[in-house]
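What follows is a set of notes on a single structure, which appears directly below.
The values are calculated or read from the model by the stated rules, or taken from the named source; none is laboratory data. Since we're looking at a predicted model, the values are computed, not measured. For neighbour counting, all protein chains shown are included, and Cβ atoms are generated from backbone atoms with ideal geometry for every residue, glycine included. What goes into the accessible areas is simple: the full protein's heavy atoms, side chains included, and nothing from ligands, DNA or RNA. Shrake-Rupley method; radii C 1.70, N 1.55, O 1.52, S 1.80 Å.
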Amino acid sequence: MKTALLTIAMLVIANVFMTFAWYGHLKLQTSGVSNNWPLYLIIGLSWGIALVEYCFQVPANRIGFDGNGGPFSLIQLKVIQEVITLSVFIIFSVAAFKGTQFRWNHFVSFMLLIGAVYFAFKK
């Protein structure tokens, strides 16, 4: 149980950094901070943030993988990661981009992903 919680916690941390690496530059642009930055600088910034993401993502997968003694199969790790990614993204997008709305169809798609987790863990 401890390994499962550590794996999930590290995946959450990794996905926070991933979300900032992938979408944080858009917030910088809409706030006027990076309007004149060249694309290579934006890419470099995103890579730097993604490096931190990988420092959590890779160990989380190694620790959590049942082939290394962890509690999760490869497919279960991927499904968990996708649900965490979506959860972190929803929080980020609603908090950082004030015009973003979480609508009923987004809720339904999220529930379908929760269903995917259920089926991925079904024996």
query = What are the residues in region 10-35 that are modelled with pLDDT of 90 or more and open to solvent by 50 Å² or more (accessible area, probe 1.4 Å), if any?
reply = Val12, Ile13, Val16, Phe17, Phe20, Trp22, Tyr23
query = Which residue out of Glu53, Glu82 is surrounded by fewer than 17 Cβ atoms within 10 Å (Cβ to Cβ), in a helix (DSSP H, G or I), under 16 Å from the mean Cα position of the chain (by Cα) and of a type in the set (Asp, Glu)?
reply = Glu82
inquiry  = Out of everything in region 64-79 that is open to solvent by less than 60 Å² (accessible area, probe 1.4 Å) and part of a helix (DSSP H, G or I), what residue ends up being modelled with the lowest pLDDT?
reply    = Val79
note = Of the residues in region 36-50 that are open to solvent by 80 Å² or more (accessible area, probe 1.4 Å) and outside any helix (DSSP H, G or I), the one that is nearest to Thr7 (Cα to Cα) is Trp37
request  = Would you mention how many residues in region 96-123 are open to solvent by less than 60 Å² (accessible area, probe 1.4 Å), without any contact (Cβ under 8 Å) to a residue 12 or more places away in the chain and of a type outside the set (Val, Ile, Thr)?
outcome  = 2
